[in-house]
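*Asks:* This is the structure, below, for whatever I ask next.
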Ligand code: SF4
């Protein structure tokens, strides 16, 4: 099944003007693939996930955009366009499971709520217990009557994955699902998310700021900068030969365990992308990355670069004038 986001633009009304948080973002993906949505804080990653689910704040407006699920097209500018899909054909795993799970309801109540919308062939108690067991939660029968605060962060996130497993969605949005976890639990939770994909064949939009996690777990990558998608392609292609200077800069900032250490403090400093994200209320003309780009040349401050083919193959594109055919 083809799953795609087409021309999504989201604005937020603020006391100091309209913030254009997401501008004309299109993402194409195949059923069963995991696509990493990567960018700095404030790049619009989470806004995309919330817009697809119709969970944006009251001051947000979807200016344009559609969600394609197979042969169906959902116009995201209509309020509640995807309300019927929430918890059934689209599910979401949030960053902080303590705030996404309701503290006054037991784990059983959370799982039963999903089962009421997506009935199982098994009795509810059996289906709920099996879902907890399949995401690696020990003593699942006892866990059903516990409250979210009685579980560890990793277990709470496994409960969220179990809920997604019971919902059997076509599209799962995982919004920085491991940010609040330590690295060993992060690895376990990522494996559970991949297992979920393998079990039910859903497509996963994996929102993260970690290129390392994308490299390990994703098939495709979309790089966002200040609300615009600047590069998209297969992870192997983008990692081997990034087509956009921003992606290259992000990759060069990744810290690896075998990185050689210099002999003084300056050499040992972490690399950063110089400069800051632009004010999204006042988009600079031309290329959005131009104020921070060391390769900027004549057309960059004037002309918005279209998507050009990048080195990796047919599905690899980057919006950079350096990629313009000679
Ligand atoms: Fe840099 Fe120009 Fe490419 Fe933008 S279009 S990323 S400014 S080289």
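The values are calculated or read from the model by the stated rules, or taken from the named source; none is laboratory data. The structure displayed is predicted, hence computed values, not measured ones. Backbone-built Cβ (ideal geometry, glycine too); neighbour counts: all protein chains shown.
*Asks:* Go through the residues of the range 285-298 one by one and say whether even a single one is in contact with a strand residue (DSSP E or B) (Cβ under 7 Å, 6 or more places away or on another chain), modelled with pLDDT of 65 or more and closer than 18 Å to residue 225 by Cβ.
*Replies:* The answer is yes; a qualifying residue exists.
*Asks:* A further question on this structure: If I filter the range 276-303 down to residues being surrounded by 15 or more Cβ atoms within 10 Å (Cβ to Cβ) and farther than 17 Å from residue 249 by Cα, which single residue comes out as farthest from the ligand (Cβ to nearest atom)? Walk me through it before giving the result.
*Replies:* Filtering the range 276-303 for residues surrounded by 15 or more Cβ atoms within 10 Å (Cβ to Cβ) gives 277-278, 280, 283, 286-293, 296, 300.
With the extra rule that they be farther than 17 Å from residue 249 by Cα, the set shrinks to 280, 283, 286, 300.
Working: 280: 17, 283: 13, 286: 7, 300: 3 Å.
Residue satisfying both the conditions and the ranking: 280.
*Asks:* In the range 127-154, which residues are in a loop (DSSP other than H, G, I, E, B) and free of Cβ contacts under 8 Å to residues at least 40 places away in the same chain? Steps first, answer last, please.
*Replies:* Step one: of the range 127-154, the residues in a loop (DSSP other than H, G, I, E, B) are 135-139, 144-147, 151-152.
Answer for the range 127-154, where residues must be in a loop (DSSP other than H, G, I, E, B) and free of Cβ contacts under 8 Å to residues at least 40 places away in the same chain: 137, 138, 139, 144, 145, 152.
*Asks:* Next question. Would you confirm whether or not the range 121-136 contains a residue that is surrounded by 20 or more Cβ atoms within 10 Å (Cβ to Cβ) and closer than 28 Å to residue 65 by Cβ?
*Replies:* Looking through the range 121-136, none of the residues is surrounded by 20 or more Cβ atoms within 10 Å (Cβ to Cβ) and closer than 28 Å to residue 65 by Cβ.
*Asks:* Working only within the range 55-101, note down all residues that are touching a helix residue (DSSP H, G or I) at 6+ places or on another chain (Cβ under 7 Å) and assigned to a helix (DSSP H, G or I).
*Replies:* 97, 98, 100
*Asks:* So in the range 214-232, with the set limited to residues that are under 17 Å from residue 196 (Cβ atoms) and in contact with a helix residue (DSSP H, G or I) (Cβ under 6 Å, 6 or more places away or on another chain), which one is nearest to the ligand (Cβ to nearest atom)? Break it down into steps so the answer makes sense when it comes.
*Replies:* Looking only at the range 214-232, we keep the residues that are under 17 Å from residue 196 (Cβ atoms), and these are 216-219.
Adding the requirement that they be in contact with a helix residue (DSSP H, G or I) (Cβ under 6 Å, 6 or more places away or on another chain) leaves 217-218.
Working: 217: 27, 218: 23 Å.
So the residue we want is 218.
*Asks:* Restricting to the range 46-69, name every residue that is more than 20 Å from residue 206 (Cα to Cα) and touching a residue at least 12 places away in the same chain (Cβ under 8 Å).
*Replies:* Step one: list which residues in the range 46-69 are more than 20 Å from residue 206 (Cα to Cα), which gives 57-64.
Residues satisfying the conditions are 57, 59, 60, 61, 62, 63, 64.
*Asks:* Show the residue pairs that are 6+ apart or on different chains and have beta-carbon atoms under 7 Å apart, the first residue being within the range 287-300 and closer than 14 Å to residue 275 by Cβ, the second being outside any loop (DSSP other than H, G, I, E, B) and more than 7 Å from the ligand (Cβ to nearest atom).
*Replies:* Short answer, once both residue conditions are applied: 288/225; 288/228; 289/225; 289/230.
*Asks:* Any idea which residue in the range 313-326 is modelled with the highest pLDDT, counting only those that are more than 9 Å from the ligand (Cβ to nearest atom) and out of contact with any strand residue (DSSP E or B) (no Cβ under 8 Å at 6 or more places or on another chain)?
*Replies:* 326
*Asks:* Can you spot a residue in the range 304-312 that is more than 10 Å from the ligand (Cβ to nearest atom), modelled with pLDDT under 85, exposed (fewer than 10 other Cβ atoms within 10 Å of the Cβ) and more than 23 Å from the chain's Cα centre (by Cα)?
*Replies:* No, the range 304-312 contains no residue that is more than 10 Å from the ligand (Cβ to nearest atom), modelled with pLDDT under 85, exposed (fewer than 10 other Cβ atoms within 10 Å of the Cβ) and more than 23 Å from the chain's Cα centre (by Cα).
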